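To start, the structure itself, in structure tokens.
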Amino acid sequence: MRTKDFAPPRVSRRFAQVWKRNFLVWRKLAIPSMLGNLADPMLYMLGLGFGLGSLLPEVNGIPYITFLAAGTVCYSTMNSATFEALYSAFSRLHVQKTWDAILNTPMNLDDIVLAEALWAASKSVLSGIAILVIIWVLGLSHSPLTLWIIPLTVLIGLTFGSLGLVMTALAPSYDFFLYYFTLVITPMVLLCGVFFPVAQLPPLLQDVSAALPLTHAIDLARPLVTGRVPHLAWLHVVVLAAYAAAGFYLALVLTRRRLLT
Amino acid sequence: MLGLRGVRKSYGANEVVCGIDLELSAGECFGLLGPNGAGKTTTLRLALGLTDPDAGDIRLLGYAVPLQAREARLRVGVVPQTDNLDPDFTVFENLLVYGRYFGLRDGEIAARIPPLLEFAGLEARSGARIQTLSGGMKRRLSLARALVNDPELIFLDEPTTGLDPQARHLIWERLKRLVAEGKTILLTTHFMDEAERLCRRLAIMDRGRIIAEGSPQQLIVRHIEPQVVEVYGDGALSWAQEHGRVLCQRCEQAGETIFCYTHDGDRVLATLGGREELRYLHRRANLEDVFLKLTGRDLRD
């Protein structure tokens, strides 16, 4: 690796044009793309929430479906950002060579990576908000604090968008992403308190869980849904932001190495 | 317009550009010729600031590259070796979105698109999706896209590879038009007829080095005998032993064919008279002969 690959990000305002390019493509396919993004988490939430929920007493003092809904907002946002930063970004980088085309203009690679991270976040915010709307419509929460979930989805989207771009920078082919799902995303879903409280896990797994970003997202979202101010909110925000920043920087370094040497 | 001095680039232990000097002046069409793997594309990437040289100086439109490559690329157009048009967009949208990367306003780009489509012969295809275009149309659209910022200098990396003759001729005609309009062009190719037809000056590159430079005519005069007799057929090899090697300045064998390079074709032809088993072609030496002499006949992969 060259020292230049480790240089701090240098972006120009033109990055917005790359974001806009992705938006334009998305607009053409918005409806199928939204359905694909939303159907899965929504079915999990409604199926498990009502089905399993009817067998359970309250979880942490709230109905199971409300408990699950708070986790699903974060999970859905994570999923959506991850898919965009892996599969879609990879096809632009590797298959369509869209990034190569952009690099021949006054755009920098840093502009492109920033635009892709923001784009993945933007798309995932929609997925998060869609679940939030269901929470409101089903009357699972009436708290105005739930509005704070909107900026939270931005942060979750940036975190997982950036982490996904790290994988994209390393990927030789689409198959590579399976490792990321098996080793990172699935454990995250099962260990971070989407479906059940982290406290139910053995202590060792609880320690693992505490280090994972999705745990911190859910620790913010769940109190907000139940109308409480999250405990140590700043800490969770800092952890998510740190993951986002570290992920973005690493993605940048690795993409520079991949495309600019 | 573009100046490279002592530029080197290695990947690991493999030096792909081994100290090259190039100078392009305004309004010329310059050709960079070389077999596959000669370092042509890497040279273009270096000139655009997409990869950093290990040594040497690069200036593009007066800017130091790679330091000010962003400013320089504002006034450069690039047609890449493989089309990377946006498959999700129409022809029009491809040009519009690409123009935005240069910081142009939508109104400005929209005003430029009709003449660009006309130039590319795609007026009727403005709303067409990329998948519905033929290979030649895609190439022309790539060329139109490279012109969206009205560049002073245009880089074309093997612009006609993979095209049928009709499509190639159309691209050539358009490139000539661009030069007539005062644009400067740097193209890489391994088609000699393309280079001979379009380029005022050429550099032949091999294994990372520029091994010859000049106008097509200069290169032929300087590096090769003026006439070629190609002899093939059953007795070609024995004829070569008996006469070819004696009469010709150089005599090369490629498969079943003997290439005789000579200053006096008539003397060679005289020895071929009456030998019906031999077939031959007498012609003037061309750029391909120079190329093969300088880079050898071995396959490059």
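A short reminder: the numbers here are calculations on the coordinates, not readings from a lab. Bear in mind the structure is a predicted one, so any value in this text is a computation, not a measurement. Glycine also receives a Cβ, built like all others from the backbone with ideal geometry; neighbour counts cover every protein chain displayed.
Some points to look at:
- The reciprocal of the average 1/r between distinct C-alpha atoms defines the Kirkwood hydrodynamic radius, which for the range B:225-284 equals 10.9 Å.
- Cubic angstrom per residue, convex hull over Cα atoms of the range B:2-219: 119
- Summing charges over all other residues whose Cβ lies under 11 Å from the Cβ of A:R92, with Lys and Arg as +1 and Asp and Glu as -1, gives -3.
- Take every pair of alpha-carbon atoms less than 8 Å apart whose residues are at least six positions apart; their mean separation over the length of chain B yields a relative contact order of 20 percent.
- Ordering of A:208-219, A:34-45 by packing is A:208-219, A:34-45, highest average first (other Cβ atoms within 10 Å, averaged per residue).
- Legend: mean number of C-beta atoms from other chains within 10 angstrom of residue C-beta atoms, peptide B:44-56, equals 2.
- Alpha-carbon radius of gyration plus Dmax, which is the widest Cα pair, for the range B:1-84 in Å: 12.5, 37
- Karplus 3J(HN,Hα) series, Hz, for the range B:103-115 with 6.51 cos²θ - 1.76 cosθ + 1.60 (x for Gly, Pro): x, 7, 7, 4, x, 4, 5, 4, 5, 7, 5, x, x
- Positive minus negative residues near A:V11 (Lys, Arg vs Asp, Glu; Cβ under 14 Å): +2
- Rotationally averaged projected area of the range B:25-144 (alpha carbon convex hull; nm²): 9.0
- Candidates per trypsin sites (Lys or Arg not before Pro) in the range A:1-106, loop by DSSP, up to 10 other Cβ within 10 Å: A:R13
- Here, chain A yields an orientationally averaged convex hull projection of 14.6 nm² when only Cα atoms define the hull.
- Cβ crowding within 10 Å averaged over residues, with A:124-134, B:188-198 ranked highest first: A:124-134, B:188-198
- For the range A:74-81, backbone phi angles converted through the Karplus equation (6.51, -1.76, 1.60; θ = phi - 60°) give residue-by-residue couplings of 6, 4, 5, 5, 4, 4, 5, 5 Hz, Gly and Pro being listed as x.
- Here the Karplus relation 6.51 cos²θ - 1.76 cosθ + 1.60, evaluated at θ = phi - 60°, turns the backbone of the range A:5-17 into coupling constants of 4, 8, 4, x, x, 10, 10, 10, 5, 5, 3, 4, 5 Hz, with x for every Gly and Pro.
- Here the average projected area of the convex hull drawn through the C-alpha atoms of the range B:149-301 stands at 11.3 nm².
- Taking every residue in A:24-30 and counting other chain Cβ atoms within 10 Å of its Cβ, the average works out to 3.
- Per residue, the protein assembly as shown reaches -15000 deg cm²/dmol at 222 nm when only DSSP H runs of four or more residues are counted, each adding -39500 (n - 2.57).
- Relative compactness, the range A:17-118, computed as alpha-carbon Rg over 2.2 N^0.38 Å: 1.46
- Peptide A:101-113 has a mean of 6 when you count, residue by residue, the C-beta atoms of other protein chains within 10 Å of its C-beta.
- Distance histogram in 10 Å bins (all Cα pairs of the range A:89-226, percent per bin): 11, 33, 32, 18, 6, 0
- Fewest-first ranking of A:I62, A:I185, A:I150, using other Cβ atoms within 10 Å as the exposure measure: A:I150, A:I62, A:I185
- Amide H within-cut-off set for B:V17, under 5 Å, with H built and near neighbours excluded: B:K9
- Burial order of peptide ranges A:226-237, B:131-142 (average beta-carbon count within 10 Å, highest first): B:131-142, A:226-237
- Values of log10 I(q)/I(0), in the order q = 0.06 Å⁻¹, for the protein assembly as shown under a Debye, Cα-only, solvent-free model: -0.43
- Bridge type composition, chain B - antiparallel percent by DSSP, nearest 5: 70
- Using only alpha carbons, the range A:164-261 has a radius of gyration to Kirkwood radius ratio (Rg to Rh) of 1.05.
- Counting only lysines at least 8 places from A:K28 when in the same chain, those with an alpha carbon closer than 30 Å to its own are A:K20, A:K97, A:K123, B:K138.
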